[in-house]
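These notes are about the structure you will find just below.
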Amino acid sequence: MAAFDDLIAAWPAWPTILGAHLLLIVVPAGAAFLALHVWKGNPFRGRKIQPGLAPSHAIRREVFYSLLTAFIFALNGVFIYVSTANGWTLIYTDFADYGWLYGALSLAVTIVLHDAYFYWTHRLMHHPLLFDRFHRLHHESHSPSPWAAYAFAPLEAVIQAMFLTILIFVLPLHVTVIYLFMIHMIVRNVVGHSGFELFPRGMPAHAVLGVLTTNTHHDLHHSSRGSNYGLYFTWWDRLAGTEHPNYREVFDRVTRGRERKVASPSSVLRAWRPTAIGNESTGRGPARNDDPRDMFNADGLERQAVPDARAD
């Protein structure tokens, strides 16, 4: 009963928590959508990753489920609020407790850990036993808009919210660090789903910046299957062999935009097909993501993107 009483006592904070989560999702997604999909002066219009824009019914679906995700995140926020008020978490409010250096390092560690959490939970949700209940709804956005960033099914929204809930019980985090992490998470997700490449040309090949995911990197996850599961960094995809084999080529074509007449990035995707993991030295990589369950073979092993020699 004590826990229930705590929830009742926290009720006055609920509107504030819900409002904060709505603002965190609606403001970045809405601003990016207006700037890139509505404004005719969009300076990146020549860098559209996939041809055409999402239809209005798809945008309405993405907005609805983004608002639902905000509601679920806010419920989780109430749990965090109650847990912190009772002293159960490691959240602290005075930087002097651990120092400014620790605060900065804890933010970096949180981002790196979240990327790992996202990669493996994301890849797990692509398993055919879980895909329909957890992740299919998000993949209805074949050509995503900024509103697709948090267009999750309720179960996936819960999985995404759990990361921070788990972390605050094992890692001391300042309140400001938590806010900065959430802003970073939402802005990076919105940008990655923008449908336009905003990063500079040559970035995937850069010795340092190449570890960061670009918009093309995640867009390929929506338009092809079995590749590019990472959120902030490319290293898990590279280590696990799940990076799209034509990622750099597609990025180069997109960032050249109108400066040259080049083949559409979608033409690159049509040259690839999925293949089961095996001992084959050559095969065929990602295809259109009409049903991501197809990226598993009969044994439940995930299909892997590998080059097709005939694609050249």
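The values are calculated or read from the model by the stated rules, or taken from the named source; none is laboratory data. This one's a predicted model, so the numbers in the text were calculated from it and none came from an experiment. Quick reminder, even Gly has a Cβ in these numbers, built from the backbone with ideal geometry, and neighbours come from all protein chains shown.
Hey, can you tell me all the residues within segment 149-164 that are more than 18 Å from Leu130 (Cα to Cα) and surrounded by fewer than 20 Cβ atoms within 10 Å (Cβ to Cβ)? Steps first, answer last, please.
Filtering segment 149-164 down to residues more than 18 Å from Leu130 (Cα to Cα) leaves 149-150, 163-164.
Correct list: Phe163 only.
So for segment 216-226 (the condition being among the basic types (Lys, Arg) and in contact (Cβ under 8 Å) with a residue 12 or more places away in the chain), does at least one residue qualify?
yes
Mind telling me which of the residues Arg225, Arg201, Arg136, Arg188 ends up being of a type in the set (Lys, Arg), assigned to a loop (DSSP other than H, G, I, E, B) and buried (at least 19 other Cβ atoms within 10 Å of the Cβ)?
Arg225
Within segment 92-114, is even one residue surrounded by 14 or more Cβ atoms within 10 Å (Cβ to Cβ), assigned by TED's automatic domain parsing to the domain that holds Met162 and outside any helix (DSSP H, G or I)?
Checking segment 92-114: at least one residue is surrounded by 14 or more Cβ atoms within 10 Å (Cβ to Cβ), assigned by TED's automatic domain parsing to the domain that holds Met162 and outside any helix (DSSP H, G or I).
All but one of (1) surrounded by fewer than 23 Cβ atoms within 10 Å (Cβ to Cβ); (2) more than 29 Å from Arg136 (Cα to Cα) hold for Leu212, so report the exception by its number.
Leu212 satisfies every listed condition except (2).
If Thr216 satisfies all but one of (1) within 19 Å of the chain's Cα centre (by Cα); (2) in the same structural domain as Val27 (by TED's automatic domain parsing), what's the number of the condition it fails?
Looking at each condition in turn, Thr216 falls short on (2).
Go through (1) surrounded by fewer than 19 Cβ atoms within 10 Å (Cβ to Cβ); (2) not assigned by TED's automatic domain parsing to the domain that holds Phe44 and name the single condition Tyr232 misses.
(1)
Taking interchain pairs and intrachain pairs at least six residues apart, which have beta carbon atoms under 9 angstrom, with the first residue in segment 31-59 and not assigned by TED's automatic domain parsing to the domain that holds Asp219 and the second among the acidic types (Asp, Glu) and exposed (fewer than 12 other Cβ atoms within 10 Å of the Cβ)?
Gly46/Glu259
Please verify whether Phe251 is modelled with pLDDT of 95 or more, over 21 Å from Leu113 (Cβ atoms) and not in a helix (DSSP H, G or I), treating the condition exactly as stated.
no
In the list Leu90, Leu101, Leu124, Leu107, which residue meets the criterion of being touching a residue at least 60 places away in the same chain (Cβ under 8 Å) and within 30 Å of Phe199 (Cα to Cα)?
Matching residue, one of Leu90, Leu101, Leu124, Leu107: Leu107.
Being among the aromatic types (Phe, Trp, Tyr), more than 30 Å from Arg253 (Cα to Cα), buried (at least 19 other Cβ atoms within 10 Å of the Cβ) and touching a helix residue (DSSP H, G or I) at 6+ places or on another chain (Cβ under 8 Å) is the requirement here; does Phe181 meet it?
Yes: the conditions hold for Phe181.
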